[in-house]
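**Q** Sharing a structure here in structure tokens format.
The numbers here are math on the coordinates, done by the rules we state, and not lab data. Please read all numbers here as calculations on a predicted model, not as lab measurements. Cβ: placed from backbone, ideal geometry, glycine included. Neighbour counts: every protein chain shown.
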Amino acid sequence: MSDLQCASRIILARHGETEYESDLLADEGGSLTGLGRKQASELAEKLRERKIAHVHTSTLARAVQTGEIAAARLGVAVSTHSALAEFSCGEYAGLPRADDPFAEVYLRWLDGELDARTPGAETGSEGIDRLRSGLSDIADQHRGEAVLVISHGGLMRLGVPALARMSGVEPTQLANCDAIEIDIDGDDWVCRSW
């Protein structure tokens, strides 16, 4: 069997619990809490027997910190990818986090209105395409291997059901360091667990 026919197992996990430097919406920021660091360590422990080849993370600090902790415990290298970042808040940056006007657009995406857009940011369709591109590149680098990918709950919850066959798998909201398993083989994506 050629490398192109070998599936890559992507274990896609949400970052650990985070605290933010400000109560305002922003596309950057967020550092793991003590609990978030513990969650990252526990995630790595759960995966210790899985022979993880590499850890890939979003470029956002909370994901990088989660990935670095997991990679250190697993004894593998870590790389960052902008394609794995959470959706941008666009022109809503600087508004109070508690008012989160982005939530309304996200709910529209979950209802299938993927062309809805937060002013100054991408549509749901564009975010899904970005995730597809990033995970496809990672899968191509790791044919026949298992890798840990650290990303963000909003992107994962919207993107994975759109990209992977999910027969019998129910996409629910993801807690910190919850993981989804996807096999990617060429153009075929199958979600094995949520």
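**Q** So Ile180 clears everything in (1) among the aliphatic types (A, V, I, L, M); (2) farther than 22 Å from Lys46 by Cβ; (3) touching a residue at least 60 places away in the same chain (Cβ under 8 Å) except one condition, right? Which one?
**A** All conditions pass for Ile180, except number (2).
Quick grid of which residues meet (1) within 16 Å of Ile11 (Cβ to Cβ); (2) part of a helix (DSSP H, G or I):
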| site | (1), (2) |
| --- | --- |
| Ala70 | yes, yes |
| Arg73 | yes, yes |
| Tyr106 | no, yes |
| Gly120 | no, no |
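**Q** I need every pair where a residue in segment 6-26 that is more than 24 Å from Asp187 (Cα to Cα) has its Cβ under 6 Å from the Cβ of a residue that is surrounded by 21 or more Cβ atoms within 10 Å (Cβ to Cβ) and among the basic types (Lys, Arg), sequence separation at least 6 or different chains.
**A** Going by the 6 Å Cβ cut-off, the qualifying pairs are His15/Arg62; Thr18/Arg62.
**Q** Which residues, taken from segment 122-151, are free of Cβ contacts under 8 Å to residues at least 40 places away in the same chain, in contact with an Asp or Glu (Cβ under 7 Å, 6 or more places away or on another chain) and either closer than 18 Å to Cys6 by Cβ or in a helix (DSSP H, G or I) (or both)?
**A** Answer for segment 122-151, where residues must be free of Cβ contacts under 8 Å to residues at least 40 places away in the same chain, in contact with an Asp or Glu (Cβ under 7 Å, 6 or more places away or on another chain) and either closer than 18 Å to Cys6 by Cβ or in a helix (DSSP H, G or I) (or both): just Ser125.
**Q** Let me ask something else about it. For segment 152-162, does any single residue satisfy the condition of being surrounded by fewer than 16 Cβ atoms within 10 Å (Cβ to Cβ), out of contact with any strand residue (DSSP E or B) (no Cβ under 6 Å at 6 or more places or on another chain), not in a strand (DSSP E or B) and not hydrophobic (A, V, I, L, M, F, W, C)?
**A** Within segment 152-162, not a single residue is surrounded by fewer than 16 Cβ atoms within 10 Å (Cβ to Cβ), out of contact with any strand residue (DSSP E or B) (no Cβ under 6 Å at 6 or more places or on another chain), not in a strand (DSSP E or B) and not hydrophobic (A, V, I, L, M, F, W, C).
**Q** Here's a follow-up. Glu181 - would you say it is of a type in the set (D, E, K, R), surrounded by 18 or more Cβ atoms within 10 Å (Cβ to Cβ) and touching a strand residue (DSSP E or B) at 6+ places or on another chain (Cβ under 7 Å)?
**A** The answer is yes for Glu181.
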